[in-house]
Number of protein chains: 2
Amino acid sequence: MAFEVHYRTATCGELTSNNVDRPVTLAGWVNRRRDHGGLIFLDVRDRYGITQVVCDPEHSAAAHKAASEVRSEYVIQIQGTVKKRLPGTENPNLSTGAIEVLADQITVLNISRTPPFPISNEASQVDESLRLKYRYLDLRRPRMRDNMILRHRIVKAMRDYLDERGFLEIETPILMKSTPEGARDYLVPSRLYPGEFYALPQSPQQLKQLLMVAGLDRYFQVARCFRDEDQRADRQPEFTQLDLEMSFVSEDDVMQLIEGLLIFLVEKTTGKRIKQRPFPRLSFKEVMDRYGTDHPDIRFDLPLVEISDLAGKGTFGVFNNALAKKGIVKGIRVPGAAGYSRKEVDELMEFARTYGAKGLVSLAIQPNGDLKSPLTKFMEPADIQAIIERLEGKPGDLLLFVADSEKISNDVLWRLRVLMAERLKLIDPEELAFCWVVDFPLLHYNEEEQRYEAEHNPFSGMEESHIERLDSDPLNVRAKQYDIICNGYEIGGGSVRINVAELQRKVFSLMNMNNEQIQEQFGHMLEAFEYGAPPHGGIALGIDRLVMIFADEDSIREVIAFPKTQSAQDLLMGAPAPVEEKQLEDLHLTVRPTETK
Amino acid sequence: MAFEVHYRTATCGELTSNNVDRPVTLAGWVNRRRDHGGLIFLDVRDRYGITQVVCDPEHSAAAHKAASEVRSEYVIQIQGTVKKRLPGTENPNLSTGAIEVLADQITVLNISRTPPFPISNEASQVDESLRLKYRYLDLRRPRMRDNMILRHRIVKAMRDYLDERGFLEIETPILMKSTPEGARDYLVPSRLYPGEFYALPQSPQQLKQLLMVAGLDRYFQVARCFRDEDQRADRQPEFTQLDLEMSFVSEDDVMQLIEGLLIFLVEKTTGKRIKQRPFPRLSFKEVMDRYGTDHPDIRFDLPLVEISDLAGKGTFGVFNNALAKKGIVKGIRVPGAAGYSRKEVDELMEFARTYGAKGLVSLAIQPNGDLKSPLTKFMEPADIQAIIERLEGKPGDLLLFVADSEKISNDVLWRLRVLMAERLKLIDPEELAFCWVVDFPLLHYNEEEQRYEAEHNPFSGMEESHIERLDSDPLNVRAKQYDIICNGYEIGGGSVRINVAELQRKVFSLMNMNNEQIQEQFGHMLEAFEYGAPPHGGIALGIDRLVMIFADEDSIREVIAFPKTQSAQDLLMGAPAPVEEKQLEDLHLTVRPTETK
C-alpha cells in the first residue's frame, strides 16, 4: 500500500518505534495543541491515526513559532524526525504512542474557523440537525469515520464473495417506469415527452428477473432504491440493497449462498460471534406464535405462550370478552420480576396501551409460592395452576398476559418481550443471532381494499402442489419465500419466482388487476416469460441496516455518508429546493397553487 | 467456484475429456437441434458455454421422444453421462468440444416461442430498436453476454486496485440539489414540500470534495450520473463514472495512480497492447496544433501542420481571404494518395463541408514529382515547395489544406486525419494508445454569453504563480487539470482543486455570478472550505466508454445492460410514460397544455 503523496511521506497512523530517526513529512489536522514546559505538543490527525508532534524552540524556532499560531482543525504539514518518546510518556492507546515527531518545519496548509461542535471530543452530545448540516465535520469524528470504513469493507467483501462464485454485477437503470403497485414512486418528468415521466426504481426486481431470462445465470448489484413513503421509523428516501438473482435454483440454494455470505462478512469485518450455525429455519407460523413477529430477536428466549384454551375457564371478563370476540390470550414469563412494584407494573400497562392493548393482566408468583393477580378472584386455583405450568412459571416470576385480537396480542407481547430482555440484560452486544423465516403464505387478504395482496411481492413462486389452491383456497398457498433476520431486524428477503406467464397472470388476477392493467404494467414481463424463462430465485439484503447492526448503531443515518432527515431533507446541500421557472417550462409543468389546510 | 445448484450438477461450459463417464445433470437453452442418423443432437447453451447432448432411442426412448419435441430456446434439463466424442467429430472451437452427454432423461423446464431474431446466429443484422425491446433475448447472444462479463470484470478490477491503495468507496445521494451551472438537471418533485425539487446528480463533484474536507483522504465511487441533454453523439441520460478524489496530492499523484490503474485493467481484462508507457503527457496547445482536438488518437501519426505563414505569399484567394479574417491555413499529408481520382477528392471536399469548411485545397505530388493543385496557378514554385517541405511531402503523396477559422480548420482536419488513418489502415485494433493532455487554460471566454467559463469545472485549481493573472490576464491562467485520452476518446478528466474559499469565490465572480447566486448555489462549499479543507484533487473516468473501447464496440449502448435510445426512451419497460392524475396531485403539479409548434 503506497499512501505517499506530494504533501506527506507517511500517514499519522503508521509510525512506530521501528521508524526512530527516520525523517518524515506528515500532513493532517490539528486535533489538539498543548503548551508545556516551553515546548508545544500538537496531536496531528488524519484518517489513519494521530501522531504527536513536538516543537522545541531550541531545535527549530521557526517550527515553534508556526506551532504557536495554529489552532484546532488547522491543516498543517510537518517536516521532522521520528523520535522515541521519553519513558513514561508513551500512549498505549495510540498505534503511534511510542514515538513523536520532532518538528523541523511546520507549514499551515489551511486555516479553520472554530467548528460548531468539537471534533476531538466525541463524548459531547451534538444535535443531529447540526451534525447533518456540517456533515463534513461530523464525518471527521472517529466514530463516523469508522462507520464509513466498515461500510466500505462490508460491501467490498460482498463483492469479492459473489465474484468468486460467478456472480456478475450488472447495473440497471435509475430512470425507470412507474408501477402503481407497491410503495409510492419518485417521479422524474421527461422534457422530450410532455406529460410523461420516468420513475426511480423501488428495486430492480423486474430487471433482475429479465437478466435471468437473458441467461446471465448469476446477477447481483449493490443497488440504490427509492421509496417516497412517509418516513416513519428508520427509513430513508433512498437506500441501498444487495440485489441478487440466480437461475436453476431451489430455495435452499439461495439460502445456502446467503448464509455463507453473511458468515463470511461477520468473520471478515467484525469481531462478533454468531449465535447458531447453521442458521435456524423457523416457519412463519412458529415465529408468530412464539415471538409475535416475523422478525424475531432470538438472542434470548422469553417465548410468548398462548393460553386461549385455558383462559376461558373462569369468569374473568378481560379474558372471556377477548375470546368471545375471536381474540386470543397470550402471555410471557418474566423471570425474577415477581417483586415489581405497582408503579413498575403500571408502567408496563402503559407501554402495552401505547401499542394498542387495553391493558396487561399480571400474575406474580411470590418467592413463597403465593400468587398476586386479579385472576385469583375469578378462576379456580387448578385452572390458574395450569396456566402457570403452561408458562413454566416458578416462584419469583412475573407472568404477563394480553387478551386481545391476535394482531394486537402479538404486537404488544413482541415489544414487551424485547423490552424485558433489555431490562434483564439478556442481550450480549457481541452476539449476532441470524435466523431464516420460511413457509410464508403466498397471499394475505386486504380487508380494506377487498382483495388479495402478495405477502412478499407478486413474483414469488409457490409450492407446486399448492398451485391448484389458488382457485380453491388461496390463503393456504405456501410461498417459496424466505426472510433473513438478524437480532430482531429483517435484513433481507426473497423467493424462488414464478417463471410461467399463465401462473403469473393468475396471481395478478387474484390481486384484482384486470387484463388491461396487467398488460399495461407487466406485459413485458409476461412476454419475456414466453421466451424460455428458466427457474430462478433471489434475494435482496438491506445494506444500510446490515452495516448499522455490525456497527452497533441505532439508526441507518449513522452509516450513510449524506443521509436525509426523517422529513426527507438534505440539510447540507439544501434539498429539495425551488427551481427556476425556465426549468419547469422545459418540463411542461406548473406547480399547483398551495391550498391552505 | 461452486456452480452446482438444484437443477444442475455442471454448467454447459465445463465438461472435458477429464469427465468421461461422469453422470451429470445439465440445464440450459436449446441453441440448436439436429436430427441425424436416427439420433437427435441438441446443442445446449448456458452463460458458460455449449455442450452437445446426444439422444439415442436405443439408449433412452423417453429422452429421444422428449428431444424430438423441443425447439430452439426451450429451457431443458438433461440427465446423462459424459462420453468421448467419436474421433473426427470433436469441435475444437468449443471448450466442451471433446465430449458429448448421452441423455438418460430430458425434462422441459420451460417452452419458448420463436424469438423475434435468432440467438444462435450472431451474424444476422438485427434492427437496434428490436434488440432493445427484447433486450432479454439480445443479452443471450454471446457478444452481449461477453460485454456484460467484461464490464463486470473491469469494474471489479477497479475496485480491487483502489481498495488495495486505501480508497474507500462511499455512496453519495441520488436525490440532490439542482445547480443551474453546467448541463440540464433531471428534476424530482418533492411531495412533502410543494413546489420544491430534488435533482439527480450530474456528478458527485461537490460531495467528493466535501469528503476530503471530512478527512476521509481517499474516496472513490462507481457513480451513476445524469444529464438531461439532447442526445447528440453517443450519450445516455444516465451514465456511470469512476469518481475519485484524494487529499494532499499534486497533479502527478493522481496521474500516476490512474495510469497504474489503467495499465492494470488492460493487463487484467484484455489481451490488448499499450502503445507507450509511461503514457505521454501532451500540452493542450501541442495537441490542438498537431491533432486539431484535445482528445487525439495517437495510434498513428499523420500530424496537422500549420502553414499560415507560408500560405499568404501568393494570390490564392481561398488562403488570403481566410488569413485576412484572422483564420489559419493548416494541412495534412496523406501518404500514397496522389492518385486519388477527382471523385475521390470531391468526396473528401464534401466531408470537409459537412463539418463546416468551405472546402479543401488539394496538392497531389505525382510519382514523377509533378504537382497537381490549384495552388500552382497562384503561387510561386518556391513558395509551394516551402509548403511541401513543411509537410514533408514526398512523391506519391496527397496534401490537403483547410483555410478557415482556427476552430473550423482544426475540427475538419481532426476528422479528416482519423478518416484517412482508417483508409490507410494505420490503426491496429489490438493497440491502446493512452495519453494525458495537460496545461489547459483555466478559463475560456464565452462570446455569446459575454462571460468567462471554466474549461473543466469551476473547482479546478491553478498554478500558484498564475493566481494574480485572474485579475490581469484570466485567459492565461494555467489550470491544474489533466485529461486522459485513449484511442481518440476522452475517457476521463480531473484536476487538483481550489481549497481556499476566497479563491473559489473569485472564480465564481469571473464567471459572472453575483454574491447572492454564489451563496445560494455554493454557499455550503465555501463554508466548508473555511473549516480546514486540505489540498485535494481527483478525476472521473467514463466507465461506459472505457468498457466500450476494451470491448471493441462502437457505441456505449453495447456495454450497458438496459440502455435508452438516442431519444431517451426505454423500449423494454416503456418509459417515460404517463402517470395517474393522483400521482401528479400528490406532487402538487399539473402538466401544461401542449402547444402545437
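The values are calculated or read from the model by the stated rules, or taken from the named source; none is laboratory data. From a predicted model like this one, the values you see are computed outputs, not experimental measurements. Note that each Cβ is placed from the backbone with ideal geometry, even for glycine, and that neighbours are counted across all protein chains shown. In case anyone asks, the SASA skips ligands and DNA or RNA and just uses the protein heavy atoms, side chains included. Shrake-Rupley method; radii C 1.70, N 1.55, O 1.52, S 1.80 Å.
Results, tabulated for the structure shown:
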quantity: Matching residues in segment B:351-389 - criterion: being under 35 Å from the mean Cα position of the chain (by Cα) and either part of a strand (DSSP E or B) or not polar (S, T, N, Q) (or both); calculated: B:F351, B:A352, B:R353, B:Y355, B:G356, B:A357, B:K358, B:G359, B:L360, B:V361, B:S362
quantity: A:S362, sole failed condition from (1) surrounded by 21 or more Cβ atoms within 10 Å (Cβ to Cβ); (2) in contact with a Gly (Cβ under 8 Å, 6 or more places away or on another chain); (3) of a type in the set (S, T, N, Q); calculated: (2)
quantity: Single match in A:V266, A:V254, A:V222 (criterion: within 11 Å of chain B (Cβ to nearest Cβ), among the β-branched types (V, I, T) and over 30 Å from B:M176 (Cα atoms)); calculated: A:V254
quantity: Residue selected from segment B:45-70 under the condition out of contact with any strand residue (DSSP E or B) (no Cβ under 7 Å at 6 or more places or on another chain) and either more than 14 Å from every other protein chain (Cβ to nearest Cβ) or β-branched (V, I, T) (or both), by the criterion least open to solvent (accessible area, probe 1.4 Å); calculated: B:P57
quantity: Whichever residue in segment A:109-129 is under 23 Å from the mean Cα position of the chain (by Cα) and outside any loop (DSSP other than H, G, I, E, B) and, among such residues, is surrounded by the fewest Cβ atoms within 10 Å (Cβ to Cβ); calculated: A:S129
quantity: Residue within segment B:222-242 that is assigned to a loop (DSSP other than H, G, I, E, B), of a type in the set (S, T, N, Q) and closer than 27 Å to B:V507 by Cβ present; calculated: no
quantity: Extreme residue, nearest to the other protein chains (Cβ to nearest Cβ), among residues of segment B:241-251 that are among the aliphatic types (A, V, I, L, M) and surrounded by 24 or more Cβ atoms within 10 Å (Cβ to Cβ); calculated: B:V249
quantity: Output for segment A:299-316, where each listed residue is within 16 Å of A:S362 (Cβ to Cβ) and either open to solvent by 50 Å² or more (accessible area, probe 1.4 Å) or part of a helix (DSSP H, G or I) (or both); calculated: A:A311
quantity: Exclusive hit being under 27 Å from A:Y134 (Cβ atoms) and either of a type outside the set (A, V, I, L, M, F, W, C) or under 30 Å from the mean Cα position of the chain (by Cα) (or both), set A:L541, A:L571; calculated: A:L571
quantity: Residues satisfying the stated conditions in segment B:45-67, i.e. without any contact (Cβ under 8 Å) to a residue 40 or more places away in the chain and under 17 Å from A:G532 (Cα atoms); calculated: B:D46, B:A67
quantity: Inter-residue pairs, beta-carbon under 7 Å, first outside the structural domain of B:D370 (by the TED database) and in segment B:385-412, second buried (at least 22 other Cβ atoms within 10 Å of the Cβ) and in a strand (DSSP E or B), 6+ apart; calculated: none
quantity: For B:A103: the one exception among (1) within 13 Å of chain A (Cβ to nearest Cβ); (2) touching a Ser or Thr at 6+ places or on another chain (Cβ under 8 Å); calculated: (1)
quantity: A:I76 being touching a helix residue (DSSP H, G or I) at 6+ places or on another chain (Cβ under 9 Å), in a strand (DSSP E or B) and either open to solvent by 30 Å² or more (accessible area, probe 1.4 Å) or within 26 Å of A:Y136 (Cβ to Cβ) (or both); calculated: yes
quantity: Selection count, segment A:120-149, where residues are at the interface with chain B (Cβ under 9 Å from one of its Cβ atoms) and not acidic (D, E); calculated: 11
quantity: Filtered residue count, segment B:154-201, keeping only those that are in a helix (DSSP H, G or I), without any contact (Cβ under 8 Å) to a residue 40 or more places away in the chain and at the interface with another protein chain (Cβ under 7 Å from one of its Cβ atoms); calculated: 3
quantity: Residue match in segment A:2-20 (condition: at pLDDT 95 or above and closer than 21 Å to A:F117 by Cα); calculated: no
quantity: Segment B:412-464, residues that are of a type in the set (D, E, K, R) and under 30 Å from B:L510 (Cβ atoms); calculated: B:D439, B:E447, B:E448, B:E449, B:R451, B:E453, B:E455, B:E463, B:E464
quantity: Meets criteria (of a type in the set (D, E, K, R), within 9 Å of chain B (Cβ to nearest Cβ) and free of Cβ contacts under 8 Å to residues at least 12 places away in the same chain) for A:D230; calculated: yes
quantity: Scan of segment B:79-97 for residues that are open to solvent by 40 Å² or more (accessible area, probe 1.4 Å) and in contact with a helix residue (DSSP H, G or I) (Cβ under 7 Å, 6 or more places away or on another chain), ordered by number; calculated: B:K84
quantity: Test: residue in segment A:548-563 that is at pLDDT below 95, under 25 Å from the mean Cα position of the chain (by Cα) and either within 8 Å of chain B (Cβ to nearest Cβ) or crowded, with 16+ Cβ neighbours inside 10 Å (or both); calculated: no
quantity: Conditions (1) open to solvent by 20 Å² or more (accessible area, probe 1.4 Å); (2) in a strand (DSSP E or B): number failed by A:K343; calculated: (2)
quantity: Where B:T179 falls short, out of the listed (1) in contact with a Lys or Arg (Cβ under 9 Å, 6 or more places away or on another chain); (2) surrounded by fewer than 23 Cβ atoms within 10 Å (Cβ to Cβ); (3) not assigned by the TED database to the domain that holds B:N514; calculated: (1)
quantity: Subset of segment A:567-581 that is within 20 Å of B:Q205 (Cβ to Cβ) and of a type in the set (A, V, I, L, M, F, W, C) - its residue that is farthest from the other protein chains (Cβ to nearest Cβ); calculated: A:L571
quantity: B:A433 being closer than 30 Å to B:K275 by Cα and hydrophobic (A, V, I, L, M, F, W, C); calculated: yes
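Residue-wise test of (1) open to solvent by less than 10 Å² (accessible area, probe 1.4 Å); (2) within 11 Å of chain B (Cβ to nearest Cβ); (3) in contact with a strand residue (DSSP E or B) (Cβ under 9 Å, 6 or more places away or on another chain).
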| position | (1), (2), (3) |
| --- | --- |
| A:L510 | no, no, yes |
| A:L526 | yes, no, no |
| A:G537 | yes, yes, yes |
| A:L546 | yes, no, yes |
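Yes or no, residue by residue, for (1) polar (S, T, N, Q); (2) modelled with pLDDT under 95:
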{"site": "B:L304", "(1), (2)": "no, no"}
{"site": "B:D309", "(1), (2)": "no, no"}
{"site": "B:N320", "(1), (2)": "yes, no"}
{"site": "B:I328", "(1), (2)": "no, no"}
{"site": "B:G331", "(1), (2)": "no, no"}
{"site": "B:V345", "(1), (2)": "no, yes"}
{"site": "B:R353", "(1), (2)": "no, no"}
{"site": "B:K358", "(1), (2)": "no, yes"}
